[in-house]
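Step one of this worksheet: look at the structure below.
The values are calculated or read from the model by the stated rules, or taken from the named source; none is laboratory data. Just so it is clear, the structure is predicted and the values come from calculations on it, not from any experiment. Cβ placement follows ideal geometry from the backbone for every residue including glycine, while neighbour counts extend to all protein chains displayed. Areas reflect the complete protein model, heavy atoms only, side chains present, ligands, DNA and RNA absent. Shrake-Rupley method; radii C 1.70, N 1.55, O 1.52, S 1.80 Å.
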Amino acid sequence: MSVMAVRARQGASFKRALAALWMGLAACAGQAWAQAPAADVSEQGRAVVELLTRIQDAARELDYAGVFAHQQGSALMSSRIVHVVDGTGERERLELLDGEPREFLRHNETVQCLIPEQKIIIRERSRGDRFPAIMLGDGQDLDQYYRVRSHEAVGRVAGHECHVHELIPVDSLRYGYRLCTDAKTHLLLKLQVLSPEHGVLDQIAFTSLQLGKDVTPDQLEPSWDTAGWQVLEPRKTHADFARKGWRISIPAGFRTITQLSRPMSESRRVEQLVLSDGLAAISVFIEPFGDGEPGRSAGSVSKGSLNIQKLRIGDFWMTAVGDVPAAALQDLIERTQFVPPAGNQTPGERTGSTE
């Protein structure tokens, strides 16, 4: 069975689960947080990077296990995570507790997705840090686009005392964040994505948590005996958007993380460009427009902090997905142009042509 046949059978629920894990952020801030006096907004400098580096290091270097809940818009899902660092590096097991059974096993940069009803393992190489990690890349420019506000009050999450910090964006291209970090280890316990009006868009938080010696390697074992399961490895290749004629309007502060081409079906591929400012992420997908797609149309969709913008450009569909304000995605997609390389222009591939 091909990778794409498996993905078609997995259905929308699996895609939503992956999107939630990929883009998911957030967490419930208690009433005490809202009422606590805040310290003055920090000056530009290394405050943002230092804070986020401590959080990132804790997520990568500590042994921990627990259950966390992720709310995105009106949707709520729970996951169990086990993370152990040993002589071989990082080992992690992530189990989805809602919907179809799924587990993700990670050893450093190799991730395996276990699909029990089909006895399939999909294996990919991807760093793919997610909660309780927070940064993408080194985040060295984050202090240009966010300020830190630290609260004096001490909060509690899953029985652990925590310090509360807010990351305040300096422009309208990104959301704000409220973080609650363990008072002893700096591990991220809660995270909220905040709207410009300071409302909570998404949230993610541990509901139970074990640290250190309470976490044992046997907790990394999958729920199923995978002997004899089929292992599939999707073929991904490097893509060069600029060389192929795409002029992407990248928002200020965002950088290219990766460009790749991945299969959508046996004869169809989609190209993906991933952008990030170190916190927020945007994925741009380019795929050929097919005449047999009458139900597809341009437009936008929002779910919590996740926004999606779709537009036809010449003979291609462009889809931008990101945990950034809808206006930022709309500006990106509407200012993007396609300029076919010399000698490669075909009918319908007009410069900047949109429908």
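Just checking, how many residues over segment 163-184 are open to solvent by 40 Å² or more (accessible area, probe 1.4 Å) and of a type in the set (S, T, N, Q)?
1
Every residue in segment 212-239 that is over 28 Å from residue 123 (Cα atoms) and not basic (Lys, Arg), please. Show your work before the answer.
Restricting attention to segment 212-239, the residues satisfying the condition of being over 28 Å from residue 123 (Cα atoms) are 212-214.
Result: 212, 214.
Given (1) charged (D, E, K, R); (2) within 19 Å of the chain's Cα centre (by Cα); (3) assigned to a strand (DSSP E or B); (4) surrounded by fewer than 14 Cβ atoms within 10 Å (Cβ to Cβ), where does residue 138 come up short, assuming only one miss?
Unmet condition: (3).
Mind listing whichever residues of segment 37-60 are open to solvent by 30 Å² or more (accessible area, probe 1.4 Å), at pLDDT 85 or above and under 29 Å from residue 199 (Cβ atoms)?
Within segment 37-60, 50, 53, 54 meet the criteria.
Which ones in segment 287-333 are acidic (Asp, Glu), at pLDDT 90 or above and in contact with a strand residue (DSSP E or B) (Cβ under 8 Å, 6 or more places away or on another chain)? Working first, answer last.
To start, the set of residues in segment 287-333 that are acidic (Asp, Glu) comprises 287, 291, 293, 315, 323, 331.
From the residues that got through so far, the ones that are at pLDDT 90 or above too are 287, 323, 331.
Scanning segment 287-333 gives 287, 323.
Is it true that residue 250 is within 26 Å of residue 172 (Cα to Cα) and either open to solvent by less than 20 Å² (accessible area, probe 1.4 Å) or assigned to a loop (DSSP other than H, G, I, E, B) (or both)? Break it down into steps so the answer makes sense when it comes.
Values: within 26 Å of residue 172 (Cα to Cα): yes; either open to solvent by less than 20 Å² (accessible area, probe 1.4 Å) or assigned to a loop (DSSP other than H, G, I, E, B) (or both): yes.
For residue 250, the condition - within 26 Å of residue 172 (Cα to Cα) and either open to solvent by less than 20 Å² (accessible area, probe 1.4 Å) or assigned to a loop (DSSP other than H, G, I, E, B) (or both) - is met.
How many residues are of a type in the set (A, V, I, L, M, F, W, C), under 20 Å from the mean Cα position of the chain (by Cα) and under 21 Å from residue 337 (Cβ atoms) if we restrict to segment 233-285?
Of the residues in that region, 10 qualify.
For segment 141-162, which positions are aromatic (Phe, Trp, Tyr) and either outside any strand (DSSP E or B) or open to solvent by 40 Å² or more (accessible area, probe 1.4 Å) (or both)?
Restricting attention to segment 141-162, the residues satisfying the condition of being aromatic (Phe, Trp, Tyr) are 145-146.
Passing the criteria: only 145.
Could you grab me the full set of residues in segment 58-79 that are touching an Asp or Glu at 6+ places or on another chain (Cβ under 8 Å), part of a strand (DSSP E or B) and more than 23 Å from residue 323 (Cα to Cα)?
Within segment 58-79, just 65 meets the criteria.
Working only within segment 61-83, note down all residues that are at pLDDT 95 or above and surrounded by fewer than 19 Cβ atoms within 10 Å (Cβ to Cβ).
Correct list: 61, 62, 67, 69, 78, 80.
Give segment 113-135 a look and list any residue that's open to solvent by 30 Å² or more (accessible area, probe 1.4 Å) and either under 17 Å from residue 262 (Cα atoms) or without any contact (Cβ under 8 Å) to a residue 60 or more places away in the chain (or both), or say none.
Those that are open to solvent by 30 Å² or more (accessible area, probe 1.4 Å) and either under 17 Å from residue 262 (Cα atoms) or without any contact (Cβ under 8 Å) to a residue 60 or more places away in the chain (or both): 117, 123, 124, 125, 126, 127, 128.
Which residue pairs have Cβ atoms under 9 Å apart, sit 6 or more places apart or on different chains, and have a first residue in segment 65-80 that is free of Cβ contacts under 8 Å to residues at least 40 places away in the same chain and within 12 Å of residue 305 (Cα to Cα) and a second that is among the basic types (Lys, Arg) and open to solvent by 40 Å² or more (accessible area, probe 1.4 Å)?
74/303
Just to be sure before I move on: is residue 203 part of a strand (DSSP E or B), under 23 Å from residue 105 (Cα atoms), open to solvent by 20 Å² or more (accessible area, probe 1.4 Å) and not hydroxyl-bearing (Ser, Thr, Tyr) in the structure I sent?
Numbers: part of a strand (DSSP E or B): yes; under 23 Å from residue 105 (Cα atoms): no; open to solvent by 20 Å² or more (accessible area, probe 1.4 Å): yes; not hydroxyl-bearing (Ser, Thr, Tyr): yes.
So residue 203 fails the test.
Based on this model, can you work out whether residue 178 counts as assigned to a strand (DSSP E or B), closer than 19 Å to residue 57 by Cα, among the charged types (D, E, K, R) and within 23 Å of the chain's Cα centre (by Cα)? Give the derivation first.
Values: assigned to a strand (DSSP E or B): yes; closer than 19 Å to residue 57 by Cα: yes; among the charged types (D, E, K, R): yes; within 23 Å of the chain's Cα centre (by Cα): yes.
So residue 178 passes the test.
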